[in-house]
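A.B. asks: Have a look at the structure that comes next, please.
Values in this text are rule-based calculations from the coordinates and carry no lab data. The model shown is predicted, which means the values in this text are computed figures rather than measured ones. Note: ideal-geometry Cβ built from the backbone for every residue, glycine included; neighbour counts use all protein chains shown.
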Amino acid sequence: MRIGQGFDVHAFGDGDHVIIGGVRVPHHRGVVAHSDGDVVIHALCDAIFGALALGDIGQHFPPSDARWRDADSRQFLRHAAMLMGQHGYMLGNADITVICEAPKVGPLARAMREKLAADLDSEIDRISVKATTTEKLGFCGRGEGIAAQACVLLERV
């Protein structure tokens, strides 16, 4: 077995939605990012890459590469899933926490889990998505951005 953890953060900017866990979420702000800025998928990819000792998301999809501008982060996750398989691992489970005051994640957590499970070729009951606030402290608490952390357990196939 292998364990990996990941973290991602994006500042809020202009826009009318955010992408969280592959789900378009209406919001009065967007995120400042090179790709679609999906903090859940970015943290989850980093956790998988870390567990496989394959670096981080920036090494696989460098922000300096114009190919990834406004990219759908789900393709990053499908790449991570492919690498898991190539290295002889499958997802044991993933535990993801979204950190923000808004938008509300809870009502959309199941839809996020479904998309993540599909991209990882995994059962939905192996993926947890939950949210917390920072009680109005720090950049998330001031509504300046959104963050996510992820932890994965990979099992040898």
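A.B. asks: Return the whole-Å distance between the Cα centroid of segment 5-66 and the Cα centroid of segment 139-155.
C.D. replies: One Cα centre to the other: 10 Å.
A.B. asks: A further question follows. Using the per-residue mean of other Cβ atoms lying within 10 Å as a proxy for protection, in what order, highest first, do the peptides 45-51, 128-134 fall?
C.D. replies: Numbers: 45-51: 25.1, 128-134: 16.0.
The packing order, highest mean first, is 45-51, 128-134.
A.B. asks: From Cα coordinates alone, what are the radius of gyration and Dmax values for segment 2-156 in angstrom?
C.D. replies: 14.5, 43
A.B. asks: Which order do the peptides 79-91, 109-121 take when ranked by the mean count of other beta-carbon atoms within 10 Å per residue, highest first? List each step's numbers first, then the result.
C.D. replies: On the way: 79-91: 16.9, 109-121: 18.6.
Ranking, from highest mean packing down: 109-121, 79-91.
A.B. asks: Please identify, among Pro107, Pro26, Pro63, the residue showing maximal mean-square fluctuation in a Gaussian network model of the chain using a 10 angstrom Cα cutoff.
C.D. replies: Largest GNM mean-square fluctuation: Pro107.
A.B. asks: OK, next. Round to the nearest 10 and give me the degree value, 0 to 90, for the angle of helix 109-120's Cα axis relative to the longest principal axis of the chain.
C.D. replies: It works out to around 40 degrees.
A.B. asks: Same structure again: In whole Hz, what ³J(HN,Hα) sequence does segment 39-49 give by Karplus (6.51, -1.76, 1.60; θ = phi - 60°), x for Gly and Pro?
C.D. replies: Once rounded to whole Hz, the list reads 4, 5, 5, 5, 5, 5, 4, 4, 5, 5, 4.
A.B. asks: Provide the net charge surrounding Asp46, with neighbours chosen by a C-beta distance below 10 Å and charges set as Lys +1, Arg +1, Asp -1, Glu -1.
C.D. replies: Working: positive: none; negative: Asp8, Asp56.
That works out to -2.
A.B. asks: Going by a ≥ b ≥ c, the root eigenvalues of the Cα gyration tensor, does segment 29-100 fall in the rounded group (a/c under 1.5), the prolate group (a/b larger than b/c) or the oblate group?
C.D. replies: On the way: a/c = 2.24, a/b = 1.37, b/c = 1.63.
Taking the square roots of the gyration eigenvalues as a ≥ b ≥ c, segment 29-100 is oblate.
A.B. asks: Taking amide H positions as placed 1.01 Å from N in the peptide plane, with prolines and chain starts having none, which residues 5 or more places from Gly22, or on another chain, fall under 5 Å of its amide H?
C.D. replies: For Gly22, whose amide H was placed from the backbone, the distant partners under 5 Å are Ile41.
A.B. asks: What does the charge add up to near Gln59, with Lys and Arg as +1, Asp and Glu as -1, over the other residues with Cβ less than 13 Å from its Cβ?
C.D. replies: Numbers: positive: none; negative: Asp46, Asp56, Asp65.
With Lys, Arg at +1 and Asp, Glu at -1, the neighbours total -3.
A.B. asks: Turning to a different aspect of this structure: Using only the alpha-carbon atoms, what does segment 1-45 span along each of its principal axes? Please give whole angstrom values in decreasing order.
C.D. replies: Principal-axis extents of segment 1-45 (Cα, largest first): 41, 17, 13 Å.
A.B. asks: Ala11: net charge of surrounding residues, Cβ under 15 Å, Lys/Arg +1, Asp/Glu -1, itself excluded? Each step should come with its number before you reach the end.
C.D. replies: Details: positive: Arg29, Arg142; negative: Asp8, Asp14, Asp36, Asp38, Glu101, Glu144.
Here the charged neighbours net out to -4.
A.B. asks: Antiparallel as a % of all DSSP beta bridges within segment 11-157, to the nearest 5? Present the calculation step by step, with values, prior to reporting the outcome.
C.D. replies: Values: 17 of 23 bridges.
If I count the DSSP bridges inside segment 11-157, around 75 percent turn out antiparallel.
A.B. asks: Treating the beta-carbon of each Lys and Arg as +1 and of each Asp and Glu as -1, no other charges, what is the dipole magnitude of the chain about its Cα centre, to the nearest 20 debye? Walk me through the intermediate numbers first.
C.D. replies: Details: 16 positive and 20 negative charges, 36 e Å.
Dipole about the Cα centre, nearest 20: 180 debye.
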